[in-house]
Each structure stands twice: as C-alpha cells, then as structure tokens.
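For reference, the structure discussed in these notes is given below.
Each reported figure results from applying straightforward, stated rules to the coordinates on display, with no laboratory input. Just so it is clear, the structure is predicted and the values come from calculations on it, not from any experiment. Virtual Cβ from ideal backbone geometry, glycine too; neighbours counted across all protein chains shown.
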Amino acid sequence: MPASKPLARRGVLFVLSSPSGAGKSTIARKLLTADPDVAMSVSATTRPIRPGEVDGVDYSFVPVDRFKKMAANGEFLEWAHVFNHRYGTPRAPVEAMLASGRDVLFDIDWQGAQQLYQQEGDVVRIFILPPSIAELERRLRSRGTDDEAVIQARMARAANEISHWDGYDYVLINDDVDRCFTQVRKILEVERLKRKRQTGLIGFVRSLLK
C-alpha cells in the first residue's frame, strides 16, 4: 500500500527560553541540525559582534538608531532591552517562513516570549532550567567570554528569569543535554500533530464524508 501524502499543516512558533548558561542555545543548534523542517528566527541586536559570530546567521547586528526605527515602524514581533543592548525578532522573515510551511524556532527570554504570545497567540513555549545555581555559574565561567562584572550581572538576572517559569507551557531541567534535547524534540512532534495545526484535515475529512 503506497504511503499517504502528508497533509498540510500550519508551522509551529516554538520558543526556547532559559537563564544565560542553562543550555537553550546548545539545544537550539542540535534541533536545527536534526530537523530540516525547523528554521531559526534570527534576532536583530545592537550589541557588538563576538569572535566567531556571523552577521545574519547568529544575529543581525544593527546600529541603535536603525533598531529604534524598526521598533517604531512595528517591524518587530517582540523586542527587549537586555544588558544595555536591544534584541528583537524581525516580523517579515518569520511570516515568510511560516507561509512556506516551516516551523520557526525562537531563542528568546521571558519578556520576548510574552510579547510573542500576545502578538501571535498560538505559541509553544519551553523553559529550560539549570540543575542548580552553582552549575549555572560554572557553565557561565567555563565559556571564557565574559568578564566578572558580566557574569555577576547574568547570575543576578537568572533569578528573575527563573521566577517566570510558570508562564511557559513546558518546563524542563537540563541536567543532561542529550536527554533534554530528546524531550524538546518530542514536544515539537506532539505539537505538530495537534488538530488546530492540521490545516489539511478539513478537506480530507470532507472527502471521507462525501
């Protein structure tokens, strides 16, 4: 018996949030490598580019004046001011990816997740917790990219970010990155199957009832 043709579905707006150092970026990269139907939302930022980063791939690096104009013109789905820099999600690329049937992955904080939910409504939000505060600090220090002042600022912000854990649909503890990644992938698979996203079902069901 030939395999049935996949039905059309609406793309998933898929948010990963965590305190800095808890592992969301690592898991996001693993998901993008493993699943060709997932596309990354590339945030715009006013912060300086870091060694090894690529403009337009890791972030779109823009001057403060241009960022402010984009925000004023409603070009962002969400944006926030974090650690003296601005970060935002450009609207047009996300809408284009959804229109092409792809899922869109967001690596954003709780403020961005809340704004995105208010804008779009149908958003799947996952919050990733570290196994402990001590482990979170160890991970931040092991990066070797931030000075002591930045590390302390990130640790201070972590408590505030963790306090918003109950605003998410799913909450995972990243004590093992491979296990946490597997859980994230299972969540995405389940969300794709939900009836509200199966846009091709209406026509299929009608064909069965003829």
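Note on the chain: GNM, Cα springs under 10 Å; of E137, E189, E148, the largest mean-square fluctuation is that of E148. Spatially, segment 7-76 and segment 167-210 are offset by 21 Å when compared through their Cα centroids. The 3J(HN,Hα) values that the Karplus relation (6.51, -1.76, 1.60; θ = phi - 60°) gives for segment 166-172 are, in residue order, 7, x, 10, 7, 9, 10, 10 Hz. Gly and Pro appear as x. Across segment 48-62, coupling constants 3J(HN,Hα) worked out from phi with the 6.51/-1.76/1.60 Karplus curve, θ = phi - 60°, read x, 5, 9, x, x, 7, 10, 4, x, 10, 7, 8, 9, 8, 10 Hz, and Gly and Pro carry x. Between R206 and D37, the FRET efficiency from the beta-carbon distance, with R0 = 25 Å, is close to 0.45. Here the Karplus relation 6.51 cos²θ - 1.76 cosθ + 1.60, evaluated at θ = phi - 60°, turns the backbone of segment 95-103 into coupling constants of 5, 5, 5, 5, 5, 7, x, 9, 7 Hz, with x for every Gly and Pro.
With a ≥ b ≥ c the root eigenvalues of the C-alpha gyration tensor of segment 1-103, is it rounded (a/c under 1.5), prolate (a/b larger than b/c) or oblate? Since a/c reaches 1.5 and a/b is larger than b/c, the shape of segment 1-103 is classed as prolate. In segment 118-150, whose amide N lies under 11 Å from the spot 7 Å out along Cα-to-Cβ of V171? List them in ranges. Output list for this probe position: 127-129. Cross-link partners for K30 among the lysines, with Cα-Cα distance under 26 Å and sequence neighbours closer than 8 places in the same chain left out: K186, K194.
Springs join every pair of Cα atoms under 10 Å in this Gaussian network model of the chain, and among L32, L105, L116 the largest mean-square fluctuation is at L32. Other residues within the sphere of radius under 11 Å centred on the Cβ of R197, judged by their own Cβ, net out at +3 (K and R +1, D and E -1). Once the C-beta distance of A96 and A8 is scaled by a Förster radius of 25 Å, the resulting FRET efficiency is 0.90 to the nearest 0.05.
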